[in-house]
1. Considering the stretch 4-45 alone, what residues qualify as being of a type in the set (D, E, K, R) and loosely packed, with under 11 Cβ neighbours inside 10 Å?
2. Give the residue, chosen from Leu57, Leu36, Leu63, Leu40, that is touching a Phe, Trp or Tyr at 6+ places or on another chain (Cβ under 9 Å), under 29 Å from Leu17 (Cβ atoms) and of a type outside the set (Lys, Arg).
3. Given the conditions (1) assigned to a helix (DSSP H, G or I); (2) touching a residue at least 24 places away in the same chain (Cβ under 8 Å), report the number of the one that Val70 does not fulfil.
4. Among the residues of the stretch 76-99, are any outside any helix (DSSP H, G or I), surrounded by 11 or more Cβ atoms within 10 Å (Cβ to Cβ), out of contact with any helix residue (DSSP H, G or I) (no Cβ under 9 Å at 6 or more places or on another chain) and not assigned by TED's automatic domain parsing to the domain that holds Thr2?
5. Quick one: what pairs do we get from the stretch 2-26, first residue under 22 Å from Lys55 (Cα atoms), second in a loop (DSSP other than H, G, I, E, B), C-beta under 6 Å, 6+ apart or different chains?
6. Can you name every residue in the stretch 46-55 that is within 17 Å of Cys11 (Cβ to Cβ) and either outside the structural domain of Met1 (by TED's automatic domain parsing) or surrounded by 10 or more Cβ atoms within 10 Å (Cβ to Cβ) (or both)?
Amino acid sequence: MTKQFGVIFGCLVLGELIAMIPGASIPGSIWGMLLLTFFLDGKWVRPESISPICKLLIKNMALFFVPPGVALMLYFDIIAREWMPITVATLGSIFLVLVVTGRLYEFLHKIFKKYR
């Protein structure tokens, strides 16, 4: 299990190091996920080798939301005061993500359909 943690957190550390490069505006956690995806796709890491730790982390995912939830309580006054912009921004971003994802899927589907 230590090796499995090492693979996942190693990708996270590499991602954080990449994020320290001046001008890199993508967060380290995203870089880490991209690296892990690249390593899995390149067959350098076998999915079955990290599957047990991934299942454990997913099973206990609720624990990872406790600290942000507690920290959110510190800002109830701001949230109560600014609920309308927060709601509009949330709904707008959900709509935008749905539209962009759908359009990107259609675009890529057409491109890959030509090469089959």
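1. Filtering the stretch 4-45 down to residues of a type in the set (D, E, K, R) leaves 16, 41, 43.
Matches in the stretch 4-45: Asp41, Lys43.
2. Numbers: Leu36 fails: touching a Phe, Trp or Tyr at 6+ places or on another chain (Cβ under 9 Å); Leu63 fails: touching a Phe, Trp or Tyr at 6+ places or on another chain (Cβ under 9 Å); Leu40 fails: touching a Phe, Trp or Tyr at 6+ places or on another chain (Cβ under 9 Å).
None of the other options fit; the residue is Leu57.
3. All conditions are met except number (2).
4. Taking the stretch 76-99 first, the residues outside any helix (DSSP H, G or I) are 82.
Cutting the leftovers down to surrounded by 11 or more Cβ atoms within 10 Å (Cβ to Cβ) gives us 82.
Pick out the ones that are also out of contact with any helix residue (DSSP H, G or I) (no Cβ under 9 Å at 6 or more places or on another chain) and you get 82.
From what's left, not assigned by TED's automatic domain parsing to the domain that holds Thr2: 82.
Yes, there is a match, as at least one residue in the stretch 76-99 is outside any helix (DSSP H, G or I), surrounded by 11 or more Cβ atoms within 10 Å (Cβ to Cβ), out of contact with any helix residue (DSSP H, G or I) (no Cβ under 9 Å at 6 or more places or on another chain) and not assigned by TED's automatic domain parsing to the domain that holds Thr2.
5. If the second residue must be in a loop (DSSP other than H, G, I, E, B), the pairs left are Val7/Val45.
6. Scanning the stretch 46-55 gives Arg46, Ser49, Ile50, Ser51, Pro52, Ile53, Cys54.
The values are calculated or read from the model by the stated rules, or taken from the named source; none is laboratory data. Because the structure is a prediction, the values reported are computed rather than measured. Every residue, glycine among them, receives a Cβ derived from its backbone with ideal geometry; neighbour counts consider all protein chains shown.
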